[in-house]
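For reference, the structure discussed in these notes is given below.
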Amino acid sequence: MHSFKCGAPVLDFVGTLRARRNVVPTEMLTSPESLEAWFRESGLVDADTSCEPSDLEQAIVLREAIYLLVVATLAGDDYDTDALELVNETARMPSAVPQLTQRRRRRVEATPQQALSSIARQTVQLLGGPDAALLKECSRGECTQVYLDRSHGSRREWCAMDPCGNRIKAAAYRARKRTEARSASPVRAGR
């Protein structure tokens, strides 16, 4: 259901609102159950977090605050004061704590607030650390995913090959073919 292609769970969390520039962006967190699924699928927790509608609202507000900080980092701008305060306040709350089971396995259970605190702490670690220099936004115009570019030479241009890389490459191919067809057209007419 959810996509994890950005190189950091917090960026994948921000990416739960897709195609932000579209008139109607695609919201992936549509219910408390979808938030529970995101927590689980991201590996943040191993069990359901029993989210309520108010937890979903809180998660979306935090996601948008994180997005503002990420965009400011990309642009080299100052942080929005309210967004910064919300992320820091959430990071100060108790976070999800891994536990060891009798079977020597790691298990993480958390309340929705603990899971959100973990996301806020990841935000602080990412934006306040060396990986902030690796942030990029997907070059496909309809996509607004932000990802970590760990490619050799930092030449990655899209969040993931499927679908963005494929679409960009297909568009470039069609443009080349159109150019070739136009170039070849006058030659035929002169015969």
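The values are calculated or read from the model by the stated rules, or taken from the named source; none is laboratory data. Every value quoted in this text rests on a predicted model; they were computed, and no experiment measured them. When we count neighbours, we look across all protein chains shown, and the Cβ atoms used for this are built from the backbone with ideal geometry, even at glycine. These accessible areas exclude ligands, DNA and RNA; they are computed on the full protein's heavy atoms, side chains included. Shrake-Rupley method; radii C 1.70, N 1.55, O 1.52, S 1.80 Å.
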Of all residues being in a loop (DSSP other than H, G, I, E, B) and under 17 Å from Leu35 (Cβ atoms) in segment 75-104, which is most open to solvent (accessible area, probe 1.4 Å)? Just the residue, please. Met93
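Inside segment 42-74, can you point out the residues that are among the acidic types (Asp, Glu), open to solvent by 50 Å² or more (accessible area, probe 1.4 Å) and either in contact with a Cys (Cβ under 9 Å, 6 or more places away or on another chain) or at pLDDT 95 or above (or both)? If you could, list the steps in order and put the result at the bottom.
We begin by selecting, within segment 42-74, every residue among the acidic types (Asp, Glu); these are 46, 48, 52, 55, 57, 64.
Applying the additional criterion that residues be open to solvent by 50 Å² or more (accessible area, probe 1.4 Å) yields 46, 48, 52, 57, 64.
Matches in segment 42-74: Glu52, Glu57, Glu64.
Which strands (runs of 3 or more DSSP E) sit wholly inside segment 105-151 and have at least 2 residues that are over 30 Å from Val23 (Cβ atoms)?
Passing ranges, in order: 106-109.
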Restricting segment 20-41 to residues that are hydroxyl-bearing (Ser, Thr, Tyr) and loosely packed, with under 15 Cβ neighbours inside 10 Å, the one nearest to Cys138 (Cα to Cα) turns out to be Thr26
What are the residues in segment 49-86 that are touching a residue at least 24 places away in the same chain (Cβ under 8 Å) and of a type in the set (S, T, N, Q), if any? Thr49, Ser50, Gln58, Thr73
Residue in segment 2-19 that is exposed (fewer than 15 other Cβ atoms within 10 Å of the Cβ) and either over 16 Å from the mean Cα position of the chain (by Cα) or closer than 20 Å to Arg156 by Cβ (or both) present: no
Look through segment 132-173, keep the residues that are of a type in the set (Phe, Trp, Tyr) and modelled with pLDDT under 70, and return whichever of them is nearest to the chain's Cα centre (by Cα). Trp158
Taking segment 26-39, which residues are over 16 Å from the mean Cα position of the chain (by Cα) and assigned to a helix (DSSP H, G or I)? Pro32, Glu33, Glu36
For segment 6-43, which positions are in contact with a Ser or Thr (Cβ under 6 Å, 6 or more places away or on another chain) and closer than 16 Å to Gln125 by Cβ? Pro9, Val10
Output the number of residues of segment 84-99 satisfying the condition of being in contact with a Lys or Arg (Cβ under 9 Å, 6 or more places away or on another chain) and within 15 Å of Leu44 (Cα to Cα). 4
Restricting to segment 45-87, and then to whatever is more than 17 Å from Leu29 (Cβ to Cβ) and among the polar types (S, T, N, Q), can you tell me which residue is farthest from the chain's Cα centre (by Cα)? Thr81
